[in-house]
1. Please give me, ordered by residue number, the chymotrypsin sites (Phe, Trp or Tyr not before Pro) of the range 1-79 that lie in loop per DSSP and have at most 16 other Cβ atoms within 10 Å.
2. Calculate the tail of P(r) for the range 17-166: the fraction of all Cα-Cα distances greater than 25 Å, expressed in %.
3. Semi-axes, largest first, in whole Å: what does sqrt of 5 times each Cα gyration tensor eigenvalue give for the range 82-158?
4. Please go through the residue pairs 259/287; 240/274; 287/320 and name each one whose alpha carbons sit more than 24 Å apart in this structure.
5. Determine, from the Cβ-Cβ distance of residue 170 and residue 65 and an R0 of 22 Å, the FRET efficiency 1/(1 + (r/R0)^6), rounded to the nearest 0.05.
6. For an R0 of 35 angstrom, estimate the FRET efficiency from the Cβ-Cβ distance between residue 205 and residue 179 and round to the nearest 0.05.
7. May I have the pair-distance distribution P(r) for the range 289-340, computed from all Cα-Cα distances with 10 Å bins from 0 and rounded to whole percent?
8. Run the quick spin-label model on residue 329 and residue 100: label points 7 Å from Cα toward the beta carbon, then report their separation in nm to one decimal.
Amino acid sequence: EEGQLKVGETVKIEVDQEKKLASARNHTATHLLQAALKQVVGDQVNQAGSSVTPDRLRFDFTNFEPVTPQQLADVEELVNKVILKGQDVEISHMSLDEAKKAGAMALFSEKYGDVVRVVRVPGFSMELCAGSHVKNVGQIGMFKIVGETGIASGVRRIEAITGKAALDYANEKFAVLQKAAALLKANEDDVPAAVEKLQAENKEMAGKLADVAALQEKADAQQLIAGVKEVNGISVVTGKANVENMDSLREVADLTLSKIESGVVVLGCANDGKVNLVVKASKDAVKRGIHAGKIIKEAAAVVGGGGGGRPDMAQAGGKKAEALPQAFEKAVAVIEAQLA
């Protein structure tokens, strides 16, 4: 990794047996994976690339649609069943013609010599391969698929791990499950039921909060109506609603307008320094000359914002919450001018 070599020096070279065996596990597992994919997904599966490292394996293959979760589970189960049989991996050398006649899988893009190396797991997999492999499939230990994605049109990619990496992965997932169980105050086996119960409780609570919000909107509407004023024969309601967003503000405005039946409603709300404004006008008010879009344009300017809309409905935003009272005054002034 560092330093210099000089002519005449004696060098000792050692293979990192742990890394080599980890790579061999992933390489043999890649052969098993391809054979399992052909059995479960179909014969249209053909290798389109692969990568084998001590940490994981990556296998690219031809297939016109994603592999379903059930198919992935079946592939994983099939590979692990073969691993548990503990069969020896047979490696032999023969002519290319003999290997093809025996049914060995080969890559069309590869160039092979007259004599080829055949790696065989009896009764399951046989491929032409020059790489390192385990002596017995049982050495793979455990096979776990961790990802399946599309990388090009008609090409999918599976990533998987084996051996200690797979065991560490399983332990990490179980640790997460244990943490979830502790937070839910349940056993690991009861986590799904506990989550479903929690979801049901949240849904019930959300419904109750919605009911409370609806009651609050009605209360806001009633309080706002108490301050209704007449402007040139038109009922006008202005004021601040105790809501948190534009959607809720529009609902209060609709409710308020429905209560007074005829007139103009100008409402605002302020949260986190942001201001929302809404103007709603009844049909007869619009016929009298009211234009909600023009009213809100003037009012929004007072709170440092802008907006617009139709004659019967308009909305705007701003950033000067402290100027809301002046914005309502401006809206009334514009209404008076429109009705003059």
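1. Numbers: sites: 59, 61, 64; in loops: 64.
Sparse-neighbourhood loop chymotrypsin sites (Phe, Trp or Tyr not before Pro): 64.
2. Here the tail beyond 25 Å accounts for 24 percent of pairs.
3. Working: eigenvalues 113, 87, 19 Å².
They are 24, 21, 10 Å, listed from largest to smallest.
4. Numbers: 259/287 19 Å; 240/274 13 Å; 287/320 32 Å.
In this structure, 287/320 exceed 24 Å between Cα atoms.
5. According to the calculation, E is roughly 0.15.
6. On the way: r = 24 Å, r/R0 = 0.68.
So, using R0 = 35 Å, E works out to roughly 0.90.
7. 31, 54, 14, 0
8. Taking the simple label geometry, residue 329 and residue 100 are separated by 9.4 nm.
Quick note: the coordinates plus some simple rules give every number you see, no bench work behind them. Keep in mind that what you see is a predicted model, and the values were worked out from it rather than measured. Virtual Cβ from ideal backbone geometry, glycine too; neighbours counted across all protein chains shown.
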